[in-house]
Amino acid sequence: MYAVVIALVPLVTERGASPTAAAWALGLGGAGQPLGRTLYAALARHTGAVELPPARSR
């Protein structure tokens with residue numbers, strides 16, 4: 001995940017976006033991380049996430 005974040009601005013600017021647009025993309029991704037973590041906890045609480053047992057080796 002972190003390699004994608006580091007390479008996002010050069011990738012977006014190489015594809016023709018302005019540095020400002022690339023910075024916005026990076027900022028939106030950074031702002032979305034804590035929001036996603038917060039919403040995931042609520043989603044797991046309401047959907048009854050189940051812990052699976054470890055796989056057995058053959």
Next item on the list: Pop out the carbon and sulfur fraction of the accessible area of the chain as a percent, whole number, probe 1.4 Å.
Entry: 67
Note to self: For the chain, take the longest principal axis of its alpha carbons; what is the angle in degrees between that and the long axis of helix 19-47, to the nearest 10 within 0 to 90?
What the structure shows: 10
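Please calculate how many Å² of accessible area the chain carries per residue, with a 1.4 Å probe and no DNA, RNA or ligand atoms counted.
Numbers: 5310 Å² over 58 residues.
Using a 1.4 Å probe on heavy atoms only, each residue of the chain averages 92 Å².
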Notebook entry, point to check: What length, rounded to one decimal in nm, is gained on full extension from residue 20 through to residue 33, with 0.36 nm per residue of separation minus their alpha-carbon distance?
Noted result: 2.6 nm
Checklist line | Three-way shape label, the chain, alpha-carbon gyration tensor, a/c 1.5 | finding: oblate
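The values are calculated or read from the model by the stated rules, or taken from the named source; none is laboratory data. Quick caveat: nothing in here was measured; it's all calculated off a predicted structure. Surface areas here come from the heavy atoms of the whole protein model, side chains and all, with no ligands, DNA or RNA. Shrake-Rupley method; radii C 1.70, N 1.55, O 1.52, S 1.80 Å.
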